[in-house]
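Working notes, beginning with the structure itself.
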Amino acid sequence: MSRQHSRIPNIHRKTEVELEIMREAGRIVAKALAAVGEIIEPGVSTAKIDRLAEQVIVSSGAVPSFKGYHGYPATICADPDDIVVHGIPSEEMILEEGQIFGVDVGAEWNGYHGDAAVTFAVGDISVEKRALMDKTREARDAGIAAAMAGNHLVAISSAVENCVARAGFSIVRDLVGHGIGRAMHEPPQVPNFVEEGQFPEYGLTLRPGHTLAIEPMVNLGTHRITQDADHWTIRTADRLPSAHFEHTIAISRNGPVILTLP
Ligand code: MF3
Ligand code: CO
């Protein structure tokens, strides 16, 4: 989500019942991403990928979270190479050999949302793109590992940032992770970097029942981004590739629990 001005938020802690529902929403999202992964190859249209994701979600009794969200027209975001996030799938947008391709999916089940993203390789990809993908997944997982009850939220931001900085890639700063639950975007914002004074959320103490979408967007070149005339598609300013991985997680007494798993 795009970064907002915010006050220190009061964060709803989900009950066990709510967490069970969110686990199911997350399972449906994971199922959609797994199905999509099976058909990723050069020549496939992103519209076809969108239809498959929607079919999995709807046949599971859920509703695509993105469709209709501020007028967004599709079930997935389709994000090849220089598209960072919010690319709109279409019959004309066809996967090409050598691309990295981000797919972002959300599903609402019984009033609660799951949100996750995976970046896939389309055929053989360059060593550089492979490293970018691997590092972005690793950064997401480092952020998740830092999501321990009792930690301040900044521990997540710092873990993600340190992981990416060591590799020499850059982190998108104008988009952040987010709380999630009855709404796809709830407080707190979850920045993927530490910038003193910028986010009151940094000081939030993580507690069991907090549910977060942790989603680093990592660029090969500049961290800067631009928006297309469609008012959705976000690209890297230098048009170099970008990768994106996201999980919805719950904070628990026994450490982070990933909700967007099959
Ligand atoms: N995971 C993306 C986000 O948190 C979902 C975008 S949904 C869209 O921003 F509907 F805005 F495309
Ligand atoms: Co998200």
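Miscellaneous remarks
- Selection count, region 170-202, where residues are polar (S, T, N, Q) and within 11 Å of ligand 1 (Cβ to nearest atom): 1
- Test: residue in region 19-42 that is surrounded by fewer than 21 Cβ atoms within 10 Å (Cβ to Cβ), farther than 30 Å from Gly123 by Cα, free of Cβ contacts under 8 Å to residues at least 24 places away in the same chain and more than 16 Å from ligand 1 (Cβ to nearest atom): yes
- Residues (closer than 27 Å to Lys14 by Cα and within 16 Å of ligand 2 (Cβ to nearest atom)) located in region 201-230: Glu201, His210, Thr211, Leu212, Ala213, Ile214, Glu215, Pro216, Met217
- The condition of being away from ligand 2 (no atom under 16 Å from the Cβ), modelled with pLDDT of 95 or more and either open to solvent by less than 50 Å² (accessible area, probe 1.4 Å) or of a type outside the set (Val, Ile, Thr) (or both) holds for Arg130.
- Qualifying residue in region 73-93 (condition: modelled with pLDDT of 95 or more, surrounded by fewer than 16 Cβ atoms within 10 Å (Cβ to Cβ) and within 13 Å of ligand 1 (Cβ to nearest atom)): yes
- Among the numbered conditions (1) part of a helix (DSSP H, G or I); (2) away from ligand 1 (no atom under 16 Å from the Cβ), the only one that His12 does not meet is (1).
- Taking the criterion of being assigned to a loop (DSSP other than H, G, I, E, B), open to solvent by 40 Å² or more (accessible area, probe 1.4 Å) and in contact with an Asp or Glu (Cβ under 6 Å, 6 or more places away or on another chain), the only residue of region 224-262 that qualifies is Arg239.
- Enumeration of residues in region 19-46 that are closer than 17 Å to Glu246 by Cα and assigned to a loop (DSSP other than H, G, I, E, B): none
- In region 138-156, the condition of being touching a His at 6+ places or on another chain (Cβ under 9 Å) and of a type in the set (D, E, K, R) is met by at least one residue.
- Residues of region 51-72 that are open to solvent by 70 Å² or more (accessible area, probe 1.4 Å) and on the phi > 0 side of the Ramachandran plot: His70 alone.
- Which listed residue is surrounded by fewer than 24 Cβ atoms within 10 Å (Cβ to Cβ), within 16 Å of ligand 2 (Cβ to nearest atom) and of a type in the set (Val, Ile, Thr), from Ile156, Ile171: Ile171
Yes/no per residue for (1) closer than 21 Å to Glu215 by Cβ; (2) in contact with a strand residue (DSSP E or B) (Cβ under 8 Å, 6 or more places away or on another chain):
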| residue | (1), (2) |
| --- | --- |
| Arg7 | no, no |
| Gly26 | yes, yes |
| Ser45 | no, yes |
| Ile57 | yes, yes |
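- Residue satisfying condition, being open to solvent by less than 40 Å² (accessible area, probe 1.4 Å) and within 24 Å of Gly177 (Cβ to Cβ), within set Ala47, Ala146: Ala146
- Of all residues making up region 116-160, the number that are closer than 21 Å to Arg235 by Cβ and in a strand (DSSP E or B): 5
- Here Glu108, Glu96 are screened, and the one residue that is part of a strand (DSSP E or B) and open to solvent by 10 Å² or more (accessible area, probe 1.4 Å) is Glu108.
- Lone qualifier among Glu138, Glu92, Glu97 - being closer than 25 Å to Ser158 by Cα and away from ligand 2 (no atom under 15 Å from the Cβ): Glu138
The values are calculated or read from the model by the stated rules, or taken from the named source; none is laboratory data. Keep in mind it's a predicted model, so treat the numbers as computed, not measured. Note that each Cβ is placed from the backbone with ideal geometry, even for glycine, and that neighbours are counted across all protein chains shown. Note: accessible area is taken over every heavy atom of the protein model, side chains too, but ligands, DNA and RNA are not part of it. Shrake-Rupley method; radii C 1.70, N 1.55, O 1.52, S 1.80 Å.
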